[in-house]
Amino acid sequence: MWDVSFGWVGSPLRKNRDFAALWIGQAVSHLGISISSFAYPVVVLELTGSAAKAGAVGSVLAGTAFVLRLPAGVAADRWNRRALMVACDLGRAINSAAFAVALALGYFVFAQALAVAFVEAALGVLFGPAESASVRRVVGPERIREAVAQNQSRTAIPGLLGPPLGGVLLSVGRALPFLADSFSYLVSLASVISVRSPLGGRGQPASRQTMVDSLSVGLRWIWRRRFLRTLLLWMMAGSGVWGGIGLLVLVVARDHGASAGVLGVMFAITGAGALVGALATPWVLRAARPHTIIISFGWLVTVSLLLLLVVQQPLLIGVLGATSLLLVPPINAIAFSVIGAEASDEIQGQATSAGIQLAGLGAPVAPLLMGLVLAAVGTQPTIMIYSGILCALAIYATISTGLREASN
């Protein structure tokens, strides 16, 4: 049982049956996603021998989410959220299972992998804002900050367990990671169905409101809040770098002879950093000002990437990754607890989607760009280029008055 300060099981929210159901369902679902996300680039890299193609799959995942995220936020506020989440979980289960069957039969076409990634991302981005808005309904706006902070662990724990499980499953058969992913969506489906509270949705748009107006509601709401706007724009700039580092680490480790099993352990060590950060998020938010947390993250990730120039042992690379991820959960909690607490229920999906959209605006091109840079200049120059960009972002975070505002 987690301590009261570090996770949902030991906190008063454990008594909220519906919150617990959503937490468990999404923890299992994120485990499946973590397993398949690890397996996707490894399978594509092994079967095609191309880092650029492995990066392209990641870009399809990120790009699809980018295009559909704002419409997904509108859908979460206009449609029945429970029905939307059920449909998405069922569709993702079928999609992953179909890919697993194809791989088990020895059938692989690169275009097929791209299509599977597209469906996975499309349904995932529709599910996300509906689930986030549902959490607010089951805990109430007065406890949303606590719920958002504690929900960080349901991503971090799977992030720790997924890669080694993915490595083990890949060593047995390429289809197994995607079969596990399919099963995880069925668990999430059952959890959503079991929630008793009304989850909302089916809100009525304003009179004569155009689709453009609907899509921009969340963005306009965020833009009126200086700290939140500055933080999300800073995260947006960083996402173009952070989104490709996973592929860089994968290529560096493979260059040094790491097997699929070793890669799984390496990424598990990296995931441990996110897990520790997630469990410590409530304490970190109480102990440090938002600006201090943001600055610390900026410099941690910069130094960690630079050290890849001298660190070659895969497990030590995992330690560097863990260090860089320690403060990611607190930063996410800072941003999205503001949205959860201050945005009305009628625009929860739209504000959440807009926040994610801004924060991850560079993500769609990050894996593909990383693959192209790696192919063009090699690993060492790539590390230097990306470290320079991260250093500039860290300097901006240090001097930004907009990010300092929330500390006052």
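The values are calculated or read from the model by the stated rules, or taken from the named source; none is laboratory data. Note that the coordinates shown come from a computational prediction; the quantities given were computed from them, not determined experimentally. Neighbour counts run over all protein chains shown; Cβ positions are idealised from the backbone, glycine included. All accessible areas refer to the heavy atoms of the entire protein, side chains included, with ligands and DNA or RNA removed. Shrake-Rupley method; radii C 1.70, N 1.55, O 1.52, S 1.80 Å.
Details
- So residue 295, is it farther than 23 Å from residue 65 by Cβ and either of a type in the set (Asp, Glu) or out of contact with any strand residue (DSSP E or B) (no Cβ under 9 Å at 6 or more places or on another chain) (or both): yes
- Scan of the stretch 138-173 for residues that are more than 17 Å from residue 29 (Cα to Cα) and either surrounded by fewer than 21 Cβ atoms within 10 Å (Cβ to Cβ) or among the polar types (S, T, N, Q) (or both), ordered by number: 140, 141, 142, 143, 145, 146, 168, 171, 172, 173
- The condition of being farther than 29 Å from residue 148 by Cβ, open to solvent by 10 Å² or more (accessible area, probe 1.4 Å), of a type outside the set (Lys, Arg) and modelled with pLDDT under 90 holds for only one of 360, 388, 371, 378, that being 378.
- The set of residues from the stretch 133-177 being within 14 Å of residue 42 (Cβ to Cβ) and free of Cβ contacts under 8 Å to residues at least 40 places away in the same chain comprises just one member, 172.
- The single condition from (1) open to solvent by less than 50 Å² (accessible area, probe 1.4 Å); (2) farther than 19 Å from residue 231 by Cα that residue 338 fails is (2).
Conditions (1) surrounded by fewer than 23 Cβ atoms within 10 Å (Cβ to Cβ); (2) more than 24 Å from residue 165 (Cα to Cα); (3) touching a residue at least 60 places away in the same chain (Cβ under 8 Å), marked per residue:
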{"site": "35", "(1), (2), (3)": "no, no, yes"}
{"site": "48", "(1), (2), (3)": "yes, no, yes"}
{"site": "72", "(1), (2), (3)": "no, yes, yes"}
{"site": "104", "(1), (2), (3)": "yes, no, yes"}
